[in-house]
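The values are calculated or read from the model by the stated rules, or taken from the named source; none is laboratory data. These figures come from a predicted structure and were not determined experimentally. As a convention, Cβ positions derive from the backbone with ideal geometry for all residues, glycine included, and neighbour counts pool all protein chains shown. Surface areas here come from the heavy atoms of the whole protein model, side chains and all, with no ligands, DNA or RNA. Shrake-Rupley method; radii C 1.70, N 1.55, O 1.52, S 1.80 Å.
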Amino acid sequence: MNMMTVMQRVVWPLLLWPYVLTVSIPLDCKEEEGSFSRCPSITQEKLLDRVIQHAELIYRVSEESCSLFEDMFIPFPLQLQRNQAGYSCITKALPIPSSRSEIQQISDKWLLHSVLILVQSWIEPLVYLQTSLDLYEVAPDTLLNKTKWVSEKLISLEQGVVVLIKKMLDEGLLTTNNSEHGLFQYEAQPEMLESVMRDYTLLSCFKKDAHKMETFLKLLKCRQTDKYNCA
Amino acid sequence: MAAALTMLFFLLHIFTASVQGSASDQVPPQINPHLTSCVSTNMETFRCRWNVGTPRRLSEPGDLRLFYINKIPSNTPPKEWSECPHYSTDRPNECFFNEKHTSIWTHYRVHLSSRDQSIIYDEKLFHVQDIVEPDAPVYLNWTLLNVSLTANHYDIIVSWKPPQSADVQMGWMTLQYEVQYRDANSDLWEVADIGKDTQRSIYGLQANANHEVRVRCKMLGGKEFGEFSDSIFVNVPSKVSGFPVMALLIFGALCLVTLLMLVIISQQEKLMVILLPPVPGPKIRGIDPKLLKKGKLSELTSILGGPPTLRPELYNNDPWVEFIDLDIEEQSDRLTDLDTDCLMERSLSSNCSPLSMGFRDDDSGRSSCCDPDLPNDPEASSFIPLIPNQSHAKDSSCSTACEPSPPVQSPAAGEPCFVAPGREALYTQVSEVRSSGKVLLSPEEQAEVGKSKSKDTLKVIMAEKEKEKKEFQLLVVNSGYTSELNAGKMSPRLYSGDMSEPCQTGGDSGSSPSLSPYHESDTTHMSPLPPAPVYTVVECVDRQNSLLLTPNSTHAPQLIMPKIMPTPDGYLTPDLLGSITP
């Protein structure tokens with residue numbers, strides 16, 4: 001366990017340093033002729049690679065956070081009851097394909113948009129999760145750091161996806177959909193147990209969606225590089 | 001009696017039977033049917049397996065059913081349970097969910113129950129992506145990477161391919177691999193780090209030993225590993241020669257070392273010379289160190305004193321020494337060598353070299369002002385007044401007072417103020433210097449001063465011009481001083497004259513061959529005590545054979561250095577020291 005954490009702590013900075021560039025790219029970079037372009041240009045493939053790396057890392061970190069949380073706060077019997085009737089993921093209402101066959105049928109555009117929707121819908125809940133975890137007295141620092149890191153990287157992932165959409169699909173900036181605010185209903189926490197379960201649900205749901213994002217993006221990449229085999 | 005016995009036997013029998021019966025019931029532990037695992041290998045399908053448990057008397061093996069509910073978010077969650085879509089045919093107790101019935105990222109609830117779902121034996125809740133356990137990697141092989149120098153160890157690279165079922169190429173699944181290897185003899189597997197590459201290098205495997213290598217993989221972020229691949233065996237024979245190479249090398253090294261030691265020990269002295277050459281002694285040019293050893297100091301000094309500039313002080317005797325030496329014989333020689341022409345006539349003076357130069361003085365220990373080797377400017381300037389060319393103050397004093405007497409003037413006037421006779425600087429003692437610039441010389445005998453005149457003048461004895469032109473003797477006598485020059489040649493007559501007014505009295509004193517000593521006493525100036533001797537330099541000798549001395553600018557009697565002693569390197573004679581101190 002210690003080896004893993006140590007390795008992760010070393011691996012993250014090494015893997016994440018190119019992401020600084022993705023964060024620092026101003027999004028309102030106009031590529032018009034007359035404008036003075038201060039943006040460093042990046043190829044589409046490279047951008048897609050970086051976005052994929054980003055999503056992959058987010059998924060891994062969220063998975064680790066979930067495991068940590070599970071080990072610390074969730075007794076074993078309750079682990080089986082996650083996503084039970086009382087608690088369901090906030091993104092359940094999103095029209096996102098959930099099987100491979102379905103995924104293979106949707107277009108690139110829809111893939112990207114699905115990813116974007118997912119990302120945007122999770123930004124706010126993660127902030128809420130962060131505040132909620134801060135209230136715990138016994139939450140370990142690693143858990144807090146990981147969730148904080150994830151929420152930060154999610155924002156940069158959103159930026160990257162927006163740029164990608166602009167480049168690949170030649171679309172303008174997507175305005176943030178207000179529907180995601182409707183998705184997440186802030187519930188008052190009556191009891192500690194409730195909040196723990198809710199946070200657990202949040203974490204596991206986010207982990208699931210992170211995996212979804214990663215898979216979609218990888219599928220997209222395959223389609224970009226080799227259209228014939230990635231059917 | 002018998003009835004009791006039969007009753008006893010009957011009870012025993014029942015008892016044993018019941019015991020047997022109960023024992024037979026307890027031997028097989030009741031294991032309920034349960035789901036062993038629900039596993040997906042490719043994230044597209046999955047299968048659930050269960051264990052029927054101990055066979056019950058009431059139920060049949062085939063009565064176990066699997067039901068599930070899949071909560072797909074988009075659809076309304078089904079309230080009914082669906083039965084297993086396909087019970088596997090190749091193996092019992094397994095339910096296979098194909099792609100149609102599999103949805104990722106959705107919640108599955110699987111029940112193992114009886115046919116009518118009245119009894120639920122087991123339940124599982126999962127998401128499909130969480131239960132992925134990929135198949136084992138395939139196509140393992142290894143290549144030799146490195147062989148160590150001793151051929152005892154080697155490195156290999158193991159490579160494999162991802163399982164066929166996992167769609168890695170499309171990016172549907174991202175796998176991580178773990179390689180394990182062990183020596184065939186041991187039971188402990190060594191685990192290499194997990195990586196995403198499909199190859200891994202293993203270092204430090206022992207030669208001539210059988211190694212077993214296997215690989216397994218799991219999803220990136222997944223929980224469980226898949227199955228291990230089939231092991232491959234690695235064996236690299238080492239080139240083992242007949243005799244151990246290491247021993248040979250060590251032996252050779254030892255021999256070399258011993259040889260080296262022998263060489264060093266045998267040639268120790270030579271080596272010492274080569275390695276640590278003797279430090280050469282100091283070599284001073286011109287000096288033989290052996291001389292030093294022998295202690296011949298005279299030769300040494302001759303060596304040391306080669307160049308004259310090396311040790312000037314050795315060759316130039318100390319000036320104070322000459323005060324000790326009395327070399328009377330040389331004095332006559334000197335006087336004969338006087339260039340009186342220079343002294344007498346002004347015209348000649350131009351031809352003459354400066355007085356200082358006129359002296360052919362050898363180094364007889366009497367280094368005087370006229371030593372040509374040691375030019376001393378300030379001192380030379382004091383000699384210069386002897387030359388008629390320079391005497392400014394005197395001229396003024398002379399000219400004003402000596403109008404009738406032409407001889408008293410500056411050399412510029414043309415009339416000779418004769419250079420002081422004698423090559424040597426002759427001293428006179430100045431008792432006082434008046435404000436008018438006149439210099440009063442102290443008399444030779446203070447006792448004779450009985451006159452009213454306060455000032456005691458120095459009697460200057462002028463050699464008679466008639467006697468010898470070339471021979472001027474300026475005998476300076478005072479009460480306390482007699483030059484050595486005059487000591488031998490001093491004429492018995494002492495004359496005193498008032499030098500302060502050479503013009504006036506010059507004629508008297510000069511003309512008269514014999515000057516009678518007279519004293520002038522000046523009422524104005526009374527000096528009960530003998531005045532401090534003040535020396536000045538005789539500037540020139542006027543026609544009346546009166547001396548012109550350089551007056552002091554200051555009133556205070558000041559000792560003026562009449563003669564410049566060659567001072568080697570600033571060496572001060574006691575006289576000089578006394579003179580310098582104000």
> Can you give the FRET efficiency for B:Leu12 and B:Ser118, using 1/(1 + (r/R0)^6), R0 = 41 Å, r = Cβ-Cβ distance, to the nearest 0.05?
Replying inline: 0.45
> In angstroms, what radius of gyration and Dmax does the range B:34-130 have, counting Cα atoms only?
Replying inline: 13.2, 44
> Across peptide A:221-227, what mean number of C-beta atoms from other chains lies inside 10 Å of a residue's C-beta?
Replying inline: 2
> What residues of the range B:99-123 lose no less than 50 Å² of accessible area with every protein chain in place versus their chain by itself (probe 1.4 Å, heavy atoms only)?
Replying inline: B:Trp105
> Relative contact order of the range B:34-130: what whole-number percent is it, with Cα pairs under 8 angstrom and at least 6 residues apart?
Replying inline: 31
> Across the residues of A:91-102, average count of Cβ atoms on other protein chains within 10 Å?
Replying inline: 5
>> How shielded is A:204-211 by partner chains, expressed as the average number of their Cβ atoms within 10 Å of its Cβ atoms?
In response: 3
>> Show me, for the range B:126-139, the HN-Hα J-couplings you get by feeding each phi into the Karplus relation (A = 6.51, B = -1.76, C = 1.60, θ = phi - 60°), rounded to Hz, glycine and proline as x.
In response: 6, 10, 5, 5, 8, 10, 6, 10, x, 5, 6, x, 10, 6
> Considering amide H positions built from the backbone, and no H for Pro or chain starts, which residues 5 or more places from B:Phe46, or on another chain, come under 5 Å of its amide H?
Replying inline: B:Phe97
> Taking a 18 Å limit on the Cα-Cα distance, which of the listed pairs A:Lys208/B:Lys100; B:Lys196/B:Lys218; A:Lys92/A:Lys167; A:Lys146/A:Lys207; A:Lys221/B:Lys223; B:Lys71/B:Lys223 fall beyond it?
Replying inline: A:Lys208/B:Lys100; A:Lys92/A:Lys167; A:Lys221/B:Lys223; B:Lys71/B:Lys223
>> Using a loss threshold of 40 Å², tell me which positions in the range B:195-226 are less accessible in the complex than in their chain alone. Probe radius 1.4 Å, ligands and nucleic acids ignored.
In response: B:Leu220, B:Gly221, B:Lys223
>> I'd like the interface area for chains A and B: accessible area of each alone minus the complex, both sides summed, 1.4 Å probe, protein heavy atoms only. What is it in Å² to the nearest 100?
In response: 2600
